[in-house]
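Q: One structure follows; several queries about it will come next.
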Amino acid sequence: MADDVVRVVVADDHPIFRDGLAMLLGSVGGIDVVGTAATGVEAVELAVELLPDVVVMDVQMPGLNGIEATRRLAAEAPSVGVVVLTMSEDDGTVFTAVRAGARGYLVKGAEQEEIVRAINTVASGGAVFGATLARRIAEFFAAGPPTATTAFPELTAREREILDLLAAGRSNAQIAQALFLSQKTVRNNVSNVFAKLQVADRAEAIVRAREAGLGR
């Protein structure tokens with residue numbers, strides 16, 4: 001951080017929130033907002049080009065969501081820290097963001113001081129999650145490695161059941177037959193699983209599932 005100034009990019013698809021947050025942060029001493037992005041793709045391109053210290057990232061954005069954008073940044077610009085700032089505080093979104101590489105996670109509505117503190121902490125190489133979220137993350141990891149019942153909390157019971165069969169090598173037709181569902185319902189559920197796990201295809205989903213103990 002040159003001259004102890006933290007360089008920040010703000011990524012959010014809501015212009016009022018994005019511009020308001022950028023203006024707010026820009027008024028804080030020691031923070032320089034070097035750019036704003038309205039989509040995940042813009043956030044990645046801007047961060048790779050400008051190499052800010054921190055990207056403040058929304059989750060729900062068009063085209064490329066904030067989780068996948070965070071994952072790409074972790075691969076393409078690992079020096080850039082990501083603070084996720086979103087409406088969602090469900091465990092699935094939190095854990096997916098952490099796995100993608102986010103070093104901070106705050107819920108929209110957080111006080112200005114909390115947001116600034118999170119940005120400074122992440123810029124310094126630390127990690128910060130709101131008090132409630134930090135406790136839940138600690139409890140999750142204290143429970144030990146994920147098992148077939150605790151893995152992928154973002155999935156519904158039906159989606160986890162389908163992922164288990166998918167990991168066992170079953171085709172959509174075989175899954176439909178085993179669960180007495182239509183193939184269309186299975187396809188829809190498989191698509192939901194891919195989206196929630198942020199995987200590109202069936203093979204990647206199977207690898208993730210088997211690592212968590214499914215499909216055995």
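Q: Residues Val54, Val122, Val84, Val80: which one is hydrophobic (A, V, I, L, M, F, W, C), modelled with pLDDT of 90 or more, touching a Pro at 6+ places or on another chain (Cβ under 9 Å) and in the same structural domain as Leu21 (by TED's automatic domain parsing)?
A: Values: Val54 fails: touching a Pro at 6+ places or on another chain (Cβ under 9 Å); Val122 fails: touching a Pro at 6+ places or on another chain (Cβ under 9 Å); Val84 fails: touching a Pro at 6+ places or on another chain (Cβ under 9 Å).
After applying the criteria, what remains is Val80.
Q: Same structure, new question: Which one is farthest from Ala127 (Cα to Cα), of the residues in segment 22-60 that are in a loop (DSSP other than H, G, I, E, B) and β-branched (Val, Ile, Thr)?
A: Thr39
Q: Please work out if Ala75 is free of Cβ contacts under 8 Å to residues at least 12 places away in the same chain and assigned by TED's automatic domain parsing to the domain that holds Ile16. Show your work before the answer.
A: On the way: free of Cβ contacts under 8 Å to residues at least 12 places away in the same chain: yes; assigned by TED's automatic domain parsing to the domain that holds Ile16: yes.
It is true that Ala75 is free of Cβ contacts under 8 Å to residues at least 12 places away in the same chain and assigned by TED's automatic domain parsing to the domain that holds Ile16.
Q: Please work out if Gly109 is closer than 29 Å to Ser27 by Cα, at pLDDT 80 or above and either over 10 Å from the mean Cα position of the chain (by Cα) or crowded, with 20+ Cβ neighbours inside 10 Å (or both).
A: Working: closer than 29 Å to Ser27 by Cα: yes; at pLDDT 80 or above: yes; either over 10 Å from the mean Cα position of the chain (by Cα) or crowded, with 20+ Cβ neighbours inside 10 Å (or both): yes.
Taking the combined requirement at face value, the residue satisfies it.
Q: Could you tell me whether Val98 is within 26 Å of Glu154 (Cα to Cα), aliphatic (A, V, I, L, M) and at pLDDT 90 or above?
A: Considered against the rule, which asks whether it is within 26 Å of Glu154 (Cα to Cα), aliphatic (A, V, I, L, M) and at pLDDT 90 or above, Val98 comes out as no.
Q: Only one residue in Val6, Val33, Val41 is closer than 16 Å to Arg103 by Cβ and surrounded by fewer than 24 Cβ atoms within 10 Å (Cβ to Cβ). Which one?
A: Values: Val33 fails: closer than 16 Å to Arg103 by Cβ; Val41 fails: closer than 16 Å to Arg103 by Cβ.
After applying the criteria, what remains is Val6.
Q: Can you spot a residue in segment 14-28 that is under 19 Å from Phe129 (Cα atoms), of a type in the set (A, V, I, L, M, F, W, C) and touching a strand residue (DSSP E or B) at 6+ places or on another chain (Cβ under 8 Å)? Working first, answer last.
A: Filtering segment 14-28 for residues under 19 Å from Phe129 (Cα atoms) gives 21, 25.
Still in the running and of a type in the set (A, V, I, L, M, F, W, C): 21, 25.
Remaining after also requiring touching a strand residue (DSSP E or B) at 6+ places or on another chain (Cβ under 8 Å): 21, 25.
There is at least one residue in segment 14-28 that is under 19 Å from Phe129 (Cα atoms), of a type in the set (A, V, I, L, M, F, W, C) and touching a strand residue (DSSP E or B) at 6+ places or on another chain (Cβ under 8 Å).
Q: For segment 173-213, how many residues meet the condition of being assigned to a loop (DSSP other than H, G, I, E, B) and either surrounded by 16 or more Cβ atoms within 10 Å (Cβ to Cβ) or touching a helix residue (DSSP H, G or I) at 6+ places or on another chain (Cβ under 8 Å) (or both)?
A: First, the residues of segment 173-213 that are assigned to a loop (DSSP other than H, G, I, E, B): 180-182, 198-201, 212-213.
After this cut, where a residue has to be either surrounded by 16 or more Cβ atoms within 10 Å (Cβ to Cβ) or touching a helix residue (DSSP H, G or I) at 6+ places or on another chain (Cβ under 8 Å) (or both) as well, the list is 181-182, 198-201, 212-213.
Going through segment 173-213 one residue at a time, the tally reaches 8.
Q: What pairs come out if I take residues in segment 2-24 that are touching a residue at least 24 places away in the same chain (Cβ under 8 Å) and pair them with residues that are of a type in the set (Lys, Arg) and buried (at least 18 other Cβ atoms within 10 Å of the Cβ) whose C-beta lies under 7 Å away, six or more apart or interchain?
A: From segment 2-24, the pairs are Val10/Arg18; Asp12/Arg18.
The values are calculated or read from the model by the stated rules, or taken from the named source; none is laboratory data. Because the structure is a prediction, the values reported are computed rather than measured. Using ideal geometry, Cβ is built from the backbone for each residue, glycine included, and neighbour counts are taken over all protein chains shown.
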